[in-house]
1. For LYS81, are the conditions met, namely being out of contact with any Lys or Arg (no Cβ under 8 Å at 6 or more places or on another chain), of a type in the set (Lys, Arg), free of Cβ contacts under 8 Å to residues at least 24 places away in the same chain and not in a loop (DSSP other than H, G, I, E, B)?
2. Can you find a residue that is touching a Phe, Trp or Tyr at 6+ places or on another chain (Cβ under 8 Å) and of a type in the set (Ser, Thr, Tyr) anywhere in region 1-24?
3. What residue, among those in region 62-78 that are farther than 15 Å from LEU20 by Cα and assigned to a loop (DSSP other than H, G, I, E, B), is modelled with the lowest pLDDT?
Amino acid sequence: MNIYVGNLSYKMTDGDLEELFSAYGSVSECKIVIDRDSGRSKGFGFVEMPDQAEGEEAIKQLDGKEVDGRNLKVNVAKPKKDAPRRSRRY
């Protein structure tokens, strides 16, 4: 199960995120999205949990929970859509 985690503290690391979610079950991957230009966190990330029931419990327990002074937004990640193509003007 792929889980979206938003409103993260900018100082949170992938390891911190994994530790937070591992309290609810097995975590196969954690990734905080980093801005290419600044190298800073964009304030959201994704957690992959192989067990559906554990993932659902993590979402239930962590959505709205305050971590590092911020209330987390946690839900099932939506599939990534292809970016729309921009038409070229010549």
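The values are calculated or read from the model by the stated rules, or taken from the named source; none is laboratory data. Predicted, not measured: the structure shown is a model, and the values here were computed from it. Ideal geometry is used to build each Cβ from the backbone, glycine not excepted, and the neighbour counts take in all protein chains shown.
1. no
2. Yes - at least one qualifying residue is present in region 1-24.
3. LYS78
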